[in-house]
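Everything below concerns the one structure shown next.
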Amino acid sequence: MQVKKYLLKCLHRLQKGPGYTYKELLVWYCDNTNTHGPKRIICEGPKKKAMWFVLTLLFASIVFWQWGVFIRTYLSWEVSVSLSVGFKTMDFPAVTICNASPFQYSKVRHLLKDLDQLMEAVLERIVASEPTRANATEALNFTLWNHTPLVLIDERNPHHPVVLDLFADHHNDSASSSPAPGRTCNALECKVAMRLCCLNGTVCTFRNFTSATQAVTEWYTLQATNIFSQVPAQELVKMGYPGEQLVLACLFGAEPCSYRNFTPLFHPDCGNCYTFNWGMTEKALPSANPGVEFGLKLILDLGQEDYVPFLTSTAGARLLLHEQRSYPFVKDEGIYALPGTETSIGVLVDKLQRKGKPYSQCTLNGSDVPVHNLYRDPNTTYSIQACIRSCFQDHMIRNCSCGHYLYPLPHGEKYCNSHDFPDWVYCYSELRRSLGQRETCIRMCKESCNDTQYKMTISMADWPSEASEDWIFHVLSQERDQSTNITLSRKGIVKLNIYFQEFNYRTIEESAANNIVWLLSNLGGQFGFWMGGSVLCLIEFAEIAIDFLWITVIRLVAFFKGLRQRRAQARYAGPPPTVAELVEAHTNFAFQPDTANHGPKPGAYPDEQTLPIPGTPPPNYDSLRLQPLDVIESDSEGDPI
C-alpha cells in the first residue's frame with residue numbers, strides 16, 4: 001500500500017509539473033543562475049536590460065561557435081607523430097634471395113622451343129630491312145601467334161595509319177591488319193604493337209609501345225605465362241634453381257650455415273626463392289652485435305649461363321629484407337645484387353605504430369578486411385601488398401573466369417591459358433588498365449597498424465679481386481663440382497654481407513592529437529572566458545531545459561485531452577446522461593426521463609410496443625455522473641506515505 005501510494009503521488013507530481021509558466025521559469029533562472037549576464041537583464045533599467053541582453057546573446061553565440069570549432073576538430077581524429085630512439089638486441093630480419101632467372105633454360109627448353117623459334121622470326125622481321133622469304137617461316141608453329149600477335153603500325157601518314165601483320169604472307173585472319181603488298185616497314189619507320197582480341201576476333205584493341213624491345217619482351221613474357229600456367233607446380237619447382245646450387249657458402253656471425261637453413265618458397269615470377277630466418281618453425285635468430293662480423297655472409301652461384309635468353313634480360317641476385325612470418329614480394333620490393341661484386345648492406349630498423357579506428361583505417365591482423373587473403377597458405381601475416389594482389393586476382397576471376405598465373409589461385413579455380421580461355425589476354429589487359437579496379441582494391445585494403453621497415457645502406461666492390469680470383473675460384477670449384485679445374489666465373493658469382501649498422505632503432509608512433517581532455521579543457525576555457533560559467537552553470541541550464549520540456553509536454557497533453565472532450569460533448573445537445581438514464585435506456589423502453597432529449601430517440605426501435613407505465617421509476621442519481629480523472633484532486637504533498 002505504501003508503494004502504491006508513493007507511486008500515485010509521483011503520478012500527481014508529474015501531472016502537476018514544475019508549477020511555473022514559461023515567463024516565471026525564465027525569470028527564476030536569470031535570478032538564480034551563476035552565469036554572468038542573465039542577472040543583469042532582470043535587475044537593471046530598460047536601457048541596460050537591452051544592452052545586457054545583446055551582450056549576453058553575443059557572447060553566448062561566440063561560445064557556441066567556438067564549441068562547434070573544437071568539437072569539429074576533435075571529430076576529425078587527427079594524429080600527431082612522435083619519434084623515439086631505442087637501443088636493444090634485435091632479431092635479425094628475414095632475408096629472401098632469388099635468382100634473376102626463374103628457371104634453368106636447360107630444363108624448360110622443351111616447353112619454350114616453339115615460342116623461341118617464333119621469337120627469333122619476330123625479331124628478324126622487325127629488324128630486317130627487307131621482307132623475309134616465305135620458306136623461312138614455314139616450319140613455325142603459329143598456334144601461339146594466333147591468339148596474341150604483334151603488328152607493325154605504319155604512321156608515316158599520321159592521318160591514315162596502316163596496320164601491318166608481321167607474318168601476313170602466312171597468317172592473316174584479322175580484318176584490322178593487312179599484308180599491304182608492296183609496302184615494307186621496319187622498327188625505325190613503324191611502331192610495334194600487340195593486338196588483343198576477344199569474341200573470336202570481332203573486338204580488337206592495340207597495345208602500343210615506344211620501343212620494340214619492350215614490345216617483344218612483354219609479348220614473350222605473356223606467351224611464357226600462358227605455357228607455364230599449364231604445368232603442375234611440382235614440375236615448375238624442379239625446373240628452378242635448387243638451393244644447394246644457389247647457396248655456395250653461408251655464415252651467420254660465427255656460426256656456419258648452409259642451404260638447409262633456408263626455407264624454400266616458389267614464386268611464379270622469380271622461381272625458387274629461399275628465406276633465411278623466416279621464423280615459421282623456429283624462433284627468430286637475434287643479432288649479437290652490430291657490424292659486418294655479426295651479420296649474414298653469403299656466396300651465391302647464379303648460373304648465368306643457363307638463363308632463359310628471352311625471358312630474363314637481367315643478371316644478378318634478387319633479395320629482400322622483411323619481417324618474420326611476412327610474405328616476401330621480392331620482385332616488387334627487393335633489390336638487385338650485381339654478379340662479380342661484393343655487396344654490403346647495412347640495416348637500420350624503423351618500427352611504425354599506427355592508431356586504429358577512428359583515427360585511421362589500419363588493421364591489426366587483416367580479419368576486418370573484406371578481401372580473402374590468398375597468401376595465407378604458408379601461415380604468413382597480413383600485409384597490404386598481399387591484400388592488393390589478392391583483390392586483383394579476385395577481380396580477374398570474376399571478370400575473366402580464370403586466375404592469373406602470377407598470383408595464388410583460390411580453391412576450385414583454374415589458371416588462364418589460351419586453350420581453355422581464348423579471350424583471357426584481352427580481359428587481363430583491360431583489367432590491368434582499369435582505374436576503377438585499382439581504386440576499388442585500394443579502398444578495400446588497409447594498412448597494417450604495426451609494421452617494421454628496414455632502411456638499407458648499400459655499397460659494392462668488385463669481387464674477387466684480380467690478385468685473388470684464381471685461388472678463390474679454384475676453392476669454390478672444388479667445393480661445388482669436386483673439380484681441380486675452375487668451373488666458375490666472375491659473371492656468375494655474387495657475395496653478400498647483411499648486417500645491422502647499429503642497435504639503435506627508431507619507433508615512429510602515432511598518438512591522438514586531440515583527446516577528450518583537450519576537448520573538455522578548451523570547451524570549459526571558452527565558456528569561462530566569455531560567460532564566466534562552469535560545469536554547474538551547464539547543469540542549471542540543463543535543469544531549466546528539462547523544466548521547459550516538462551511544461552510543454554503537460555500543456556500538449558492537456559490540450560489534446562480538452563480537444564477530445566470537446567469532440568465527445570459535441571455529440572450531445574444537453575448535459576451527459578446519468579447512470580440511471582443509461583441503465584433505463586437499455587432495460588426499460590417505456591421509461592422516459594424528465595428531459596426528452598436524454599432518452600433514446602423515438603423510432604430507434606422499430607419493433608417497439610406500448611407497454612404499461614411502471615408504478616415507481618428508479619431515482620435519478622445525478623451524483624453518479626462520470627467525471628474525468630484530471631479533475632480529481634490529488635493528495636496534498638504533505639500527506640504522509
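For the stretch 322-372, name all the residues that are within 26 Å of LEU300 (Cα to Cα) and of a type in the set (Phe, Trp, Tyr).
Correct list: TYR327, PHE329, TYR336.
For the stretch 274-305, filtered to residues that are β-branched (Val, Ile, Thr) and surrounded by fewer than 17 Cβ atoms within 10 Å (Cβ to Cβ), the residue that is nearest to PRO378 (Cα to Cα) is THR281.
The single condition from (1) within 30 Å of PRO290 (Cβ to Cβ); (2) touching a Gly at 6+ places or on another chain (Cβ under 6 Å); (3) open to solvent by 20 Å² or more (accessible area, probe 1.4 Å) that THR452 fails is (2). On the basis of being under 45 Å from the mean Cα position of the chain (by Cα), surrounded by fewer than 17 Cβ atoms within 10 Å (Cβ to Cβ), aromatic (Phe, Trp, Tyr) and not in a strand (DSSP E or B), does TRP471 make the cut? In short, no.
Can you confirm whether ASP394 is outside any helix (DSSP H, G or I), free of Cβ contacts under 8 Å to residues at least 24 places away in the same chain and of a type in the set (Asp, Glu)? It is false that ASP394 is outside any helix (DSSP H, G or I), free of Cβ contacts under 8 Å to residues at least 24 places away in the same chain and of a type in the set (Asp, Glu).
Any residue at all in the stretch 308-328 that is in contact with a helix residue (DSSP H, G or I) (Cβ under 6 Å, 6 or more places away or on another chain), among the basic types (Lys, Arg) and open to solvent by 30 Å² or more (accessible area, probe 1.4 Å)?
Checked the stretch 308-328: at least one residue is in contact with a helix residue (DSSP H, G or I) (Cβ under 6 Å, 6 or more places away or on another chain), among the basic types (Lys, Arg) and open to solvent by 30 Å² or more (accessible area, probe 1.4 Å).
For first residues located in the stretch 405-425 and within 21 Å of ASN146 (Cβ to Cβ), partners that are open to solvent by 40 Å² or more (accessible area, probe 1.4 Å) and at pLDDT 90 or above and lie 6+ apart or on another chain with Cβ distances below 6 Å form the pairs TYR405/TYR415; ASN417/GLN230. Residue-level check: of (1) surrounded by 15 or more Cβ atoms within 10 Å (Cβ to Cβ); (2) out of contact with any Cys (no Cβ under 7 Å at 6 or more places or on another chain), ILE41 misses just (2). Within the stretch 376-424, the set of residues being closer than 19 Å to PRO102 by Cβ and not polar (S, T, N, Q) comprises PRO378, ARG389, GLY403, HIS404, TYR405, LEU406, TYR407, PRO408, LEU409, TYR415, CYS416.
So which of THR210, THR217, THR205 ends up being outside the structural domain of ARG325 (by the TED database), within 24 Å of MET119 (Cβ to Cβ), under 33 Å from the mean Cα position of the chain (by Cα) and of a type outside the set (Asp, Glu)?
Values: THR210 fails: under 33 Å from the mean Cα position of the chain (by Cα); THR217 fails: under 33 Å from the mean Cα position of the chain (by Cα).
Criteria check complete, one pass: THR205.
Checking PHE64, PHE87, PHE53 one by one, the residue that is assigned by the TED database to the domain that holds GLY253, hydrophobic (A, V, I, L, M, F, W, C) and either modelled with pLDDT under 85 or over 35 Å from the mean Cα position of the chain (by Cα) (or both) is PHE87 and no other.
Just checking, which of SER344, SER360, SER390, SER418 is among the hydroxyl-bearing types (Ser, Thr, Tyr), touching a Leu at 6+ places or on another chain (Cβ under 6 Å) and open to solvent by less than 60 Å² (accessible area, probe 1.4 Å)? Walk me through it before giving the result.
Values: SER344 fails: touching a Leu at 6+ places or on another chain (Cβ under 6 Å); SER360 fails: touching a Leu at 6+ places or on another chain (Cβ under 6 Å); SER418 fails: touching a Leu at 6+ places or on another chain (Cβ under 6 Å).
Result: SER390 is the single residue among SER344, SER360, SER390, SER418 that is among the hydroxyl-bearing types (Ser, Thr, Tyr), touching a Leu at 6+ places or on another chain (Cβ under 6 Å) and open to solvent by less than 60 Å² (accessible area, probe 1.4 Å).
Restricting the search to helices (runs of 4 or more DSSP H) fully inside the stretch 508-605 and requiring at least 1 residues that are more than 30 Å from LYS351 (Cα to Cα), in contact with a Leu (Cβ under 6 Å, 6 or more places away or on another chain) and at pLDDT below 85 gives 535-569, 579-587. Screening the candidates SER483, SER477 for the property of being free of Cβ contacts under 8 Å to residues at least 60 places away in the same chain, in a helix (DSSP H, G or I), open to solvent by less than 70 Å² (accessible area, probe 1.4 Å) and within 30 Å of ASP306 (Cα to Cα) yields one hit, SER477.
In the stretch 196-255, what residues are small (Gly, Ala, Ser) and outside any helix (DSSP H, G or I)?
Step one: list which residues in the stretch 196-255 are small (Gly, Ala, Ser), which gives 201, 211-212, 215, 224, 229, 233, 240, 243, 249, 253-254.
Scanning the stretch 196-255 gives GLY201, SER211, SER229, GLY240, ALA249, GLY253, ALA254.
The values are calculated or read from the model by the stated rules, or taken from the named source; none is laboratory data. Fair warning: this is a prediction, and the values are worked out from it, not measured in the lab. All Cβ positions, glycine included, derive from the backbone under ideal geometry; neighbour counts span all protein chains shown. Calculation scope for accessible area: heavy atoms of the full protein, side chains included, ligands and nucleic acids excluded. Shrake-Rupley method; radii C 1.70, N 1.55, O 1.52, S 1.80 Å.
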